[in-house]
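S.K.: Just dropping this structure here.
The values are calculated or read from the model by the stated rules, or taken from the named source; none is laboratory data. Here the structure is a predicted model, which is why all the values come from computation and not from measurement. Reconstructed Cβ throughout: ideal geometry from the backbone, glycine too, with neighbour counts over all protein chains shown. The area values use the complete protein model at the heavy-atom level, side chains included, leaving out ligands, DNA and RNA. Shrake-Rupley method; radii C 1.70, N 1.55, O 1.52, S 1.80 Å.
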Amino acid sequence: MADEGFFARVYDVVRQIPEGCVATYGQIARLVGEPRKARFVGFAMNSSPGVAGGVPCHRVVFKDGSLCSEFSFGGRDEQRRMLEGEGVSFLADGRVDMGRCDWEA
């Protein structure tokens, strides 16, 4: 498993994702200098303090715009509700419209 330092770096980057945008697990991994640790970014999101703790983990999605079925803070429907509330648009198949909402860090 990744160390606490890695998780802290991930949380620092995720805090920078603006409202109305999403980033991918792989993108976050690259931004913290660990391009092969996208799965560990997922572990960090699962362990995060969430929005109440200042980490908008609901803004992290799979590279194709899919939402995680195991979203820790209420499930996929809650993640979608939170994203839609911020103006994130979705495709007809339920994926985030990455062409419109992908964060260009």
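S.K.: Step by step: first the residues of region 2-23, then only those that are open to solvent by 60 Å² or more (accessible area, probe 1.4 Å) and of a type outside the set (Asp, Glu), then the one that is nearest to residue 75 (Cα to Cα). Which residue is that?
M.R.: Among residues in region 2-23 that are open to solvent by 60 Å² or more (accessible area, probe 1.4 Å) and of a type outside the set (Asp, Glu), the one nearest to residue 75 (Cα to Cα) is 15.
S.K.: Mind checking which residues of region 84-99 are in contact with a strand residue (DSSP E or B) (Cβ under 7 Å, 6 or more places away or on another chain) and either under 17 Å from residue 16 (Cβ atoms) or in a loop (DSSP other than H, G, I, E, B) (or both)?
M.R.: 88, 97 - these are the residues of region 84-99 that are in contact with a strand residue (DSSP E or B) (Cβ under 7 Å, 6 or more places away or on another chain) and either under 17 Å from residue 16 (Cβ atoms) or in a loop (DSSP other than H, G, I, E, B) (or both).
S.K.: Now a separate question. Residues that are hydrophobic (A, V, I, L, M, F, W, C), closer than 15 Å to residue 26 by Cα and either open to solvent by 70 Å² or more (accessible area, probe 1.4 Å) or in contact (Cβ under 8 Å) with a residue 40 or more places away in the chain (or both): does region 72-81 have at least one?
M.R.: no
S.K.: Would you please name the residue that is most open to solvent (accessible area, probe 1.4 Å), looking only at residues in region 24-69 that are among the charged types (D, E, K, R) and assigned to a helix (DSSP H, G or I)?
M.R.: Among them, the one singled out is 39.
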